[in-house]
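The values are calculated or read from the model by the stated rules, or taken from the named source; none is laboratory data. On a predicted model such as this, the values are computed, not experimentally measured, just so you know. Because the Cβ atoms are built from the backbone with ideal geometry, glycine has one as well, and the counts that use them run over all protein chains shown. Keep in mind that these areas ignore ligands, DNA and RNA; they rest on the heavy atoms of the full protein, side chains included. Shrake-Rupley method; radii C 1.70, N 1.55, O 1.52, S 1.80 Å.
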Amino acid sequence: MDLQEFRGILGEALAEGGSQPLLRLTDEEIAVLDPESINDCIAPTPRLAELSEQEREWVYATALRSLVSREAVEVANIDELDAVLREAEKDETGAAATTPSGVDIDMRISPEVSLALTLRRSASRALAVEQHTSSGTAHALVYIHAEDLYLVERVTSGGLHMFTLASSAGDAAEMVQLFVDPFDVADKDGRSEQLTPEQISTQNVGRPLGEAINSAMVVGQIVLLADAPGPLLTTYATDQSVWTVHVEKPQATSGITARAVGKNTLKKMITRLISPS
């Protein structure tokens with residue numbers, strides 16, 4: 001079965017059951033399941049970035065055990081792997097030769113895990129979202145496959161990846177909307193204002209937007225990743241409202257608009273990014 005046929009079958013299944021959570025994985029578990037994706041995929045791995053190479057070896061061993069215990073993977077040579085892990089635990093020096101990398105793992109992945117890894121690698125377009133708060137930075141990715149098939153991956157600042165299958169651009173947009181407006185404060189639409197790059201760079205954007213920027217509790221950045229650079233949408237969520245700054249094309253001298261938005265307008269803006277005309 002080729003990828004296009006597989007997407008069609010999956011889209012039909014989602015149409016019957018609607019959007020649904022798929023699974024959760026940690027940075028370490030993804031590194032064990034799909035090592036090349038750490039460098040090849042756009043999703044960040046914030047937890048791994050904090051670890052040394054030796055520390056990574058140890059957390060990979062723990063991650064593999066977790067995957068096996070949850071039946072996310074099946075290791076055919078589990079006895080051989082256990083022997084290596086026991087030797088590693090006895091070795092107080094933590095030498096790399098006694099870590100799990102010293103044995104080839106015969107691993108079979110569950111259908112749910114295989115599905116998530118395949119969809120995050122095979123999308124030709126994706127929506128990348130950053131959420132900035134006082135607690136740190138979190139990320140969300142919407143992998144766009146068809147009008148009835150989207151994979152949404154949310155990544156916490158601690159490196160937990162939560163995967164959800166969405167059956168429509170609207171459903172995926174709702175997840176992104178909750179990500180950039182988690183306190184549900186988007187109120188009503190305001191008048192659209194045209195801005196220039198100079199106004200943005202000098203922060204001369206007018207009092208209402210300036211106050212929203214300075215008092216924002218959540219700042220979101222949403223960009224469409226594709227062969228041609230897509231639009232950029234920045235959101236500022238205060239305790240009372242949400243403002244958006246929409247840039248039609250990167251580094252363009254025009255096409256920058258700002259406004260306060262209500263819930264419906266915010267969802268429509270995000271939906272258009274996911275399914276551009």
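The criterion of at least 2 residues that are at pLDDT below 90 is met by the following helices (runs of 4 or more DSSP H) wholly inside the range 1-76: 3-17, 37-40, 53-69.
When the range 241-277 is filtered for residues that are at pLDDT below 95 and part of a loop (DSSP other than H, G, I, E, B), the ones remaining, listed by number, are E248, K249, P250, Q251, A252, T253, S254, G255, S275, P276, S277.
Look through P197, P182, P208, P231 and report the one residue that is within 26 Å of the chain's Cα centre (by Cα) and over 23 Å from S135 (Cβ atoms). The conditions single out P231.
Residue-wise test of (1) within 17 Å of F179 (Cβ to Cβ); (2) among the charged types (D, E, K, R); (3) open to solvent by 30 Å² or more (accessible area, probe 1.4 Å); (4) in the same structural domain as M217 (by the TED database).
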| residue | (1), (2), (3), (4) |
| --- | --- |
| G230 | no, no, no, yes |
| L233 | yes, no, no, yes |
| A237 | yes, no, no, yes |
| E248 | no, yes, yes, yes |
| R259 | no, yes, yes, yes |
| G262 | no, no, no, yes |
| T265 | yes, no, no, yes |
| K268 | yes, yes, yes, yes |
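Answer yes if at least one residue in the range 179-193 is at positive phi and either out of contact with any Leu (no Cβ under 6 Å at 6 or more places or on another chain) or in the same structural domain as T45 (by the TED database) (or both), and no otherwise. Yes, the range 179-193 contains at least one residue that is at positive phi and either out of contact with any Leu (no Cβ under 6 Å at 6 or more places or on another chain) or in the same structural domain as T45 (by the TED database) (or both). Assessment of the range 221-228 against the conditions (under 25 Å from the mean Cα position of the chain (by Cα), loosely packed, with under 14 Cβ neighbours inside 10 Å and not assigned by the TED database to the domain that holds A49) yields at least one matching residue. Set side by side, the residues D171, D187 differ, and just one is within 17 Å of the chain's Cα centre (by Cα) and either charged (D, E, K, R) or modelled with pLDDT under 95 (or both), which is D171. Comparison of V176, V205 shows that the only residue that is outside the structural domain of S157 (by the TED database), surrounded by 12 or more Cβ atoms within 10 Å (Cβ to Cβ), touching a helix residue (DSSP H, G or I) at 6+ places or on another chain (Cβ under 6 Å) and at pLDDT below 90 is V205. Yes or no: A116 of a type in the set (A, V, I, L, M), open to solvent by less than 30 Å² (accessible area, probe 1.4 Å) and assigned by the TED database to the domain that holds S241? So A116 fails the test. Tell me, yes or no, whether the range 260-267 has at least one residue that is of a type in the set (S, T, Y) and over 30 Å from P21 (Cβ atoms). Taking every residue of the range 260-267 in turn, none turns out to be of a type in the set (S, T, Y) and over 30 Å from P21 (Cβ atoms).
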